[in-house]
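Data first, discussion second: the structure below is written as structure tokens.
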Amino acid sequence: MDVNRNAWAPAALESWKFTQQMLSDMTSMVIEDAVNEREVIEGLRVLAKTTALCTEMSIEADPQRPHFFDMCSDTRQLAGPNPDGRYLLAMISGDRSYRITGHRGSTAYLGFQVLAGTGLNPRRMAAYVGDSELALSSGSFALVLSAACPTAEVLGDAQWVQIPDDASAVVVREYIADPASEQHATMTIDCLDGEDLQPISDRAAAEAFTSMAWTIAKLTTLHRTVKPEMLARPNVLLTAQAADLGDDNTTPDNLYMIGSFALEPDESLVLEITPPDTRYWNVTLESVWHECLEPRHRHSSVTNRGVRPDDDGRVRIAVGAADLGHGHWLDTGGRERGFVILRWLDNPEPPVVHTAVRRGRAAS
């Protein structure tokens, strides 16, 4: 019997061709935007890692049987995360109800963000529960996510978080000031109205591939979309509220400063900071592709618990390829350029940060 394979999965195949074209376009962008061979190689690696992450987010995800997975690993620190933290993600659907249960742990910060937007619609923050609003009982918590107010029987002792019809994901952010002494939060998510497992349809597969392609584009073009002007104005910092960076990328209880570095091997970018009175802050270095610089293997980030102010109360951070004695050294790994990100939790008044480029070793 003749089989017309050309009639199989037409929508999925068309969407997969679109994904292939997106990968080709992003490859061309890497080559165009890089300034040296190292940046080309790192850009291609970021593209490959982003594809792997987007496979988990779009292809493997199942809103009927959600689970939290870590978007970062020791070797995958994409899209400008806080390397002194965790980013857990679970995919959901606004036409279903979910229960999240867990234990708070003892880390510096924990927040739950519900994202909305499906298909080609831009993602937005639809709900947010920070740790200051989280109801705890002996350290445990429970949240019910649903569009309509749940019955008392379903809600139990949980907090209700209303979600819109186009809810698509739950992002958990956890900041860790001192990993040696702090205990991570633990949590699980369950769908309260799941269905029996069914084969994926041609349409659903096509939607997943399309979502994957556009998410790859979003995550690999951040250097063009998030304060790209800073690359042309290196070695200075700009204050940015969370909304300036996109509320799907950040949460409202963070204040950011962002800038770029451009340094010779014998130069240091020195940041002088009088830290505000906030429970958590950190400084992070990123590549031009907004990938953290090997934070598990290179000292390229530091929290408020990892650096001691000088006698005048100021913190001095020295960014560079070598420790030249100008302050607490953050290692660029010899990169010619990249980004510097400062995070201040609890959205304090913007502190004054002085920046200066120093050449050579500091006088003893």
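Summary of values
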quantity: Compactness index (Cα Rg / 2.2 N^0.38 Å), the stretch 216-340; calculated: 1.05
quantity: Full-stretch length increase - residue 13, residue 190 - with 0.36 nm per residue and alpha-carbon distance subtracted; calculated: 60.5 nm
quantity: Förster radius 41 Å - calculated FRET efficiency between residue 297 and residue 59, Cβ distance, rounded to 0.05; calculated: 0.90
quantity: Whole-Hz couplings from phi, Karplus 6.51/-1.76/1.60, listed for the stretch 69-76; x for Gly and Pro; calculated: 10, 7, 6, 10, 9, 4, 10, 10
quantity: CD proxy at 222 nm, helix term only [per DSSP H run n ≥ 4: -39500 (n - 2.57); per residue of the chain; nearest 500]; calculated: -6000 deg cm²/dmol
quantity: The stretch 90-136 versus the stretch 293-359: alpha-carbon centroid distance in Å; calculated: 31
quantity: Karplus (6.51, -1.76, 1.60) ³J(HN,Hα), θ = phi - 60°, over the stretch 186-191, in Hz, Gly and Pro reported as x; calculated: 10, 6, 9, 10, 10, 7
quantity: Residues in the stretch 250-270 reached by a label modelled at residue 279 [backbone nitrogen below 20 Å; 7 Å Cα→Cβ]; calculated: 250-256
quantity: Amide proton proximity set for residue 235, modelled H, under 5 Å, gap of 5+; calculated: 260, 261, 262
quantity: Phi to ³J(HN,Hα) by Karplus 6.51 cos²θ - 1.76 cosθ + 1.60 over the stretch 269-286, Hz, x for Gly, Pro; calculated: 8, 9, 9, 10, 10, 9, x, x, 7, 9, 6, 7, 8, 8, 10, 10, 9, 9
quantity: Where Rh is the Kirkwood radius over Cα pairs, Rg/Rh for the stretch 46-179; calculated: 0.97
quantity: Accessible area (Å², per residue) of the chain, counting only protein heavy atoms and a probe of 1.4 Å; calculated: 48
quantity: The chain, relative contact order in percent, only Cα pairs under 8 angstrom and at least six apart counted; calculated: 19
quantity: Local net charge near residue 232, Cβ-Cβ under 14 Å (Lys/Arg +1, Asp/Glu -1); calculated: +2
quantity: Pair residue 160, residue 121: separation of 7 Å Cα→Cβ label points (nm); calculated: 2.2
quantity: Spatial extent of the chain: Rg and Dmax, with the Cα atoms as the point set, Å; calculated: 22.2, 86
quantity: FRET E, pair residue 363, residue 229, Förster distance 25 Å, beta-carbon r, rounded to 0.05; calculated: 0.10
quantity: Size-normalised alpha-carbon gyration radius of the stretch 116-238, reference 2.2 N^0.38 Å; calculated: 1.42
quantity: The stretch 1-81: mean projected area of Cα convex hull, nm²; calculated: 8.7
quantity: FRET efficiency, 1/(1 + (r/R0)^6) with R0 41 Å, evaluated for residue 201 and residue 138 via beta carbons; calculated: 0.40
quantity: Relative contact order (percent, whole number), the stretch 151-279, Cα cutoff 8 Å, 6+ residue spacing; calculated: 15
quantity: Interchain or long-range residues, amide H under 5 Å from residue 97's placed H; calculated: 192, 193
quantity: Kirkwood-Stokes translational diffusion coefficient of the stretch 52-125, alpha-carbon pairs, 37 °C, 0.692 mPa s, µm²/s; calculated: 232
quantity: Debye log10 I(q)/I(0) for the stretch 274-364, one point scatterer per Cα, at q = 0.14, 0.23 Å⁻¹; calculated: -0.52, -1.33
quantity: Residues whose placed amide H lies under 5 Å from that of residue 160, excluding near-sequence neighbours; calculated: 144
quantity: DSSP bridge pairs, the chain: antiparallel proportion in percent, nearest 5; calculated: 90
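The values are calculated or read from the model by the stated rules, or taken from the named source; none is laboratory data. Quick caveat, the model's predicted, so the values are computed rather than measured. Note: ideal-geometry Cβ built from the backbone for every residue, glycine included; neighbour counts use all protein chains shown. Please note that ligands, DNA and RNA were not included when accessible areas were found on the heavy atoms of the full protein model with its side chains. Shrake-Rupley method; radii C 1.70, N 1.55, O 1.52, S 1.80 Å.
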